[in-house]
Amino acid sequence: MIRLARVGARKQPYYRIVVIEKDRARNGRSIEVVGTYNPRTNPATVDLKHERVAYWRGVGAQLSPTVAKLVEKNPAKVA
């Protein structure tokens, strides 16, 4: 599953977008970090490794609803 893992100080949330087994704890050991999300900036900052997200989805990883919205709002830039 590809979902958010919270890092950062109290009342200053910052999230890593991680590939992790579905039944592990929210901040448990992840397989790979595929991006970051900072909701405190205006507008919110999202940094994704689109090729790695595509790879993991191809292997069968599911996106959490929140990560699905972030991926949809921040499509890969075509060069």
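The values are calculated or read from the model by the stated rules, or taken from the named source; none is laboratory data. Please read all numbers here as calculations on a predicted model, not as lab measurements. In this analysis, Cβ positions are derived from the backbone assuming ideal geometry, glycine residues included, and neighbour counts consider all displayed protein chains. These area figures cover heavy atoms from the full protein model, side chains too; ligands, DNA and RNA do not enter into them. Shrake-Rupley method; radii C 1.70, N 1.55, O 1.52, S 1.80 Å.
Tabulated data for the structure shown
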{"read-out": "Solvent-accessible heavy-atom area per residue, rounded to whole Å², over the chain at 1.4 Å", "value": "72 Å²"}
{"read-out": "Difference of contour (0.36 nm per residue) and Cα-Cα distance, Thr66 to Thr41", "value": "7.3 nm"}
{"read-out": "HN-Hα J in Hz across the stretch 7-20 - Karplus 6.51, -1.76, 1.60, θ = phi - 60°, x for Gly and Pro", "value": "9, x, 6, 4, 6, 9, x, 8, 10, 9, 9, 10, 9, 8"}
{"read-out": "Percentage relative contact order, the stretch 1-56, counting C-alpha pairs under 8 Å, at least six apart", "value": "27 percent"}
{"read-out": "Exposure rank, largest accessible area first [Ser64, Ser30; 1.4 Å]", "value": "Ser30, Ser64"}
{"read-out": "Interchain or long-range residues, amide H under 5 Å from Val34's placed H", "value": "Ile17, Val18, Val19"}
{"read-out": "Restricting the stretch 1-60 to GluC sites (Glu not before Pro) in coil, as DSSP defines it, with at most 16 other Cβ within 10 Å", "value": "Glu21"}
